[in-house]
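**Student:** I'd like to ask some things about the structure below.
Bear in mind that the values in this text are calculations on the coordinates, not laboratory data. The shown structure was predicted, so the numbers you read here are calculated from the model rather than taken from an experiment. With ideal geometry, Cβ positions are generated from the backbone for all residues, glycine too; neighbour counts draw on all protein chains shown.
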Amino acid sequence: MTMAIYRNLKRITDVKTVSAPPTIAWNFIKNNFVFLSKRPSLPRAMCIYVTYRCNMRCRICGIWKQNHPDYEMTLRDLSGVLSDPLFSRLEYININGGEPLLRNDLFELAALFIKKFKHLRTITINSNGLSTDRAISNVERISRLCRENDIRFSISISLHKIGEGYDEIAGIRNAYSRVIKTLRALREIRDQNMFYLGINCVITNFNVFDLYKMLKWSDYEEIPINFTLGEVRDRFDNLDMKDNIEIRGEGRDFLIRFFRKLGRDKSLFNHHALRYKELADIIEFNSKRTLSCHYAMGGLILGSEGLLYYCKKSKAIGNCRERSAYSIYYGKSNLKYREKELLEVECKKCPPNTFNRIELEKDLLKYLKFLIFT
Ligand code: SF4
């Protein structure tokens, strides 16, 4: 009976995000009880910055300033680094940048990940969508490869405003028209190639009053949108862009109302409603984060120069080109930093910008309670 419901869910959800019930149950137990151990388990999820080069000049992110050839591991470098046992249990890979589509060997990188990571289930790519041709050719090839290997594939294109005003955020001319062209071209091949296409909208002072327009556009174009809060981080090289990013005054009040509205849009497959409710609570009442974070459960970030991070707020904990990733990740002083400065301090005030399957599996009861009682 449970399996029949599950099969039906898989049929009606074209994104195929539903794991089998025994897997969900096992992950729920493992994450809520085994996770009590202070030593993180081998990572299941990794975000990999395959380049810091970017063809946009965004006014909310300064990663494009780090354009240095030494900052990019080659396919060969990566093949060596990723043979480390630390990466042996990875199930989810997010390919990020910079602009990943600028790498001429992006397909070969995806093939390398599939070959190296025996437990891989999902590959996602974040792109600025500026180059339509590169997006189409990479997505067609990588999605085919993923299908052949029974791996889910999705691509998320950044779009932070509707209209020419987007060029001001992207810092280059014609960004808006080019990104729209890419989104529509990808939508055309989405069903045939069976991948998930989404929009990532980062909320900052540039677009806070345009969010309803973004929602309407996403509905009309039938491309789902995900809202995340702009963040100022050392690693994003955007400390000098703080005033563009951090929302205050009327914008803050507007944003709280917007998140509250999204938080009321509850349904079984819209688990982000709970994330939006939590974001509203954090902004309005300065409340502590209650939702799980896949990094806190054992995830990692690998920079394009080989630097390793526990999470998006972590300092660099070592370079995998210089010593084993496993010994860096489980190094005594690094684990102490992780526990004392990240888990005990940063996590409490860290806004949830993701609510992926790993996090949802752990927060299953929280989510059901939200659906039924709030
Ligand atoms: S600081 Fe934020 S990103 Fe890092 S582990 Fe905690 S919740 Fe996750």
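**Student:** What is the ratio of the Cα radius of gyration of segment 89-233 to 2.2 N^0.38 Å, where N is its residue count, to two decimals? Don't skip to the end; give the middle numbers.
**Tutor:** Working: Rg = 15.4 Å, N = 145, 2.2 N^0.38 = 14.6 Å.
Normalised by 2.2 N^0.38 Å, the Cα Rg of segment 89-233 equals 1.06.
**Student:** Show me 355-368, 78-91, 234-247 ranked by packing, highest mean number of other Cβ atoms within 10 Å first. Could the numbers behind the result be given before it?
**Tutor:** Values: 355-368: 19.4, 78-91: 17.8, 234-247: 15.6.
Top of the packing list down: 355-368, 78-91, 234-247.
**Student:** Here's something else I'd like to know. Using +1 at the Cβ of each Lys and Arg and -1 at the Cβ of each Asp and Glu in segment 166-284, identify which of Met241, Phe195, Gly263 lies farthest towards the dipole's positive end.
**Tutor:** It is Phe195.
**Student:** Using a Förster radius of 45 Å, what is the FRET efficiency between Trp26 and Arg76 based on their Cβ-Cβ separation? Nearest 0.05, please. Please list the in-between numbers first.
**Tutor:** Details: r = 37 Å, r/R0 = 0.82.
The pair Trp26/Arg76 has a calculated efficiency of 0.75.
**Student:** Related question: Using helices alone, I'd like the mean residue ellipticity at 222 nm for the chain: each DSSP H run of four-plus residues gives -39500 (n - 2.57), total over residue count, nearest 500. Let's see the in-between values first.
**Tutor:** On the way: 15 runs with 155 residues, N = 374.
Result for the chain, helices only: -12500 deg cm²/dmol.
**Student:** Across the Cα atoms of the chain, what radius of gyration and what greatest pairwise Cα-Cα distance (Dmax) are found, in Å?
**Tutor:** Over the chain's Cα set, Rg and Dmax evaluate to 19.9, 56 Å.
**Student:** Another one. About the Cα centre of segment 239-311, how large is the charge dipole given +1 on each Lys and Arg Cβ and -1 on each Asp and Glu Cβ? Please answer in debye to the nearest 20.
**Tutor:** 460
**Student:** Relative contact order for the chain: what percent, with Cα pairs under 8 Å and sequence separation of 6 or more? Could the numbers behind the result be given before it?
**Tutor:** On the way: 600 pairs, mean separation 68.0, N = 374.
Rounded, it is 18 percent for the chain.
**Student:** Let me ask another. Note down the magnitude of the dipole of the chain about its Cα centre, charges +1 on Lys and Arg C-beta and -1 on Asp and Glu C-beta and zero elsewhere, to the nearest 20 debye.
**Tutor:** Details: 62 positive and 43 negative charges, 221 e Å.
The calculated dipole for the chain is roughly 1060 debye.
**Student:** Anything over 26 Å Cα to Cα? Flag those among Lys277/Lys362; Lys216/Lys313; Lys288/Lys366; Lys266/Lys288; Lys161/Lys312; Lys261/Lys369, in the order listed.
**Tutor:** Values: Lys277/Lys362 18 Å; Lys216/Lys313 32 Å; Lys288/Lys366 15 Å; Lys266/Lys288 22 Å; Lys161/Lys312 24 Å; Lys261/Lys369 19 Å.
Violating the 26 Å Cα-Cα cut-off are Lys216/Lys313.
**Student:** Ok, one more. Give me the tail of P(r) for segment 290-333 as a percent: Cα-Cα pairs with distance above 18 Å. Spell out each step's value before the answer.
**Tutor:** Details: 226 of 946 pairs.
Looking at segment 290-333, the distances longer than 18 Å represent 24 percent of pairs.
**Student:** Between Lys315 and Ile189, what is 0.36 nm times their sequence separation minus the Cα-Cα distance? Round to one decimal in nm.
**Tutor:** Values: separation 126, 0.36 × 126 = 45.36 nm, distance 3.94 nm.
Extra length from Lys315 to Ile189 when fully extended: 41.4 nm.
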